[in-house]
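Down below is the structure, laid out as structure tokens.
The values are calculated or read from the model by the stated rules, or taken from the named source; none is laboratory data. Keep in mind that what you see is a predicted model, and the values were worked out from it rather than measured. Don't worry about glycine lacking a Cβ; one is built from the backbone with ideal geometry, like all the others, and counts go over all protein chains shown. Each accessible area value is taken on the protein alone, full model and side chains, heavy atoms only, with ligands, DNA and RNA left out. Shrake-Rupley method; radii C 1.70, N 1.55, O 1.52, S 1.80 Å.
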Amino acid sequence: MWITAVPPFGPEDIGVLLSVDTGSADPGERLACRLLDRGHEGEEGVFYLLPFDLAARYSRTGDRLAVTLVAPRSVLDEEGAEAPRSAAEGEEGWVTLLRRELVTDFEPAEQDGGKQAVLLIDHLGPVGSLDELFARFEDGESGIAVLNAQ
């Protein structure tokens, strides 16, 4: 998880960026990648997900910002997917797929009562740095999805 500007969106747009490995051993991470297929293409290589398919939630504990990816149980059922054993089902049938956090003073912007979107880059295999992650995107080896935040 990074707090950064993403090149396709420009240097002014600082936000939260998560990377997910399509080949991960973590079932929640793989399921999040699978749900990216429900996205709708916007700008070239950028997919927008409907807020009722996959969403992000922000929380803060002291100096740590956490982002949790959640999906409705109904969407998992439509996909014929089982929730990860470690997944907790919360309010109104939302299932936690994965959670990432880091130490930062960054506060996601709010607009019209909603939190700033979270950007998700999917890729195959581990990445060693943010530069490598962006290089994979530039080479067409990964994609960017925009997740609404709740």
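Note that region 14-28 has calculated 3J(HN,Hα) couplings of 7, x, 8, 10, 10, 10, 10, 8, 5, x, 4, 6, 6, x, x Hz, one per residue in order, obtained from phi through the Karplus relation 6.51 cos²θ - 1.76 cosθ + 1.60 (θ = phi - 60°); glycine and proline are x. The portion of the accessible surface of the chain made up by carbon and sulfur, rounded to a whole percent, is 47 (1.4 Å probe; DNA, RNA and ligands excluded).
Accessible area per residue for region 2-148, computed on protein heavy atoms with a 1.4 Å probe, is 53 Å².
Straightening the chain between residue 13 and residue 58 buys 14.4 nm, computed as 0.36 nm per residue apart minus the Cα-Cα spacing.
How would you classify region 110-150 from its alpha-carbon gyration tensor, with a ≥ b ≥ c the square roots of the eigenvalues: rounded for a/c under 1.5, else prolate if a/b is greater than b/c, otherwise oblate? Here region 110-150 falls in the prolate category. Counting only DSSP H runs of at least 4 residues, each contributing -39500 (n - 2.57), and dividing by the residue count of the chain, the helix-based mean residue ellipticity at 222 nm comes to -4500 deg cm²/dmol.
Round to the nearest 0.05 the FRET efficiency obtained for residue 41 and residue 104 when R0 = 30 Å and r is the Cβ-Cβ distance. The partial results should precede the final answer.
Working: r = 30 Å, r/R0 = 1.01.
Using R0 = 30 Å, I get an efficiency of 0.50.
Classify the chain from the C-alpha gyration tensor, please: rounded if a/c falls under 1.5, else prolate or oblate depending on whether a/b exceeds b/c. Since a/c stays below 1.5, the shape of the chain is classed as rounded.
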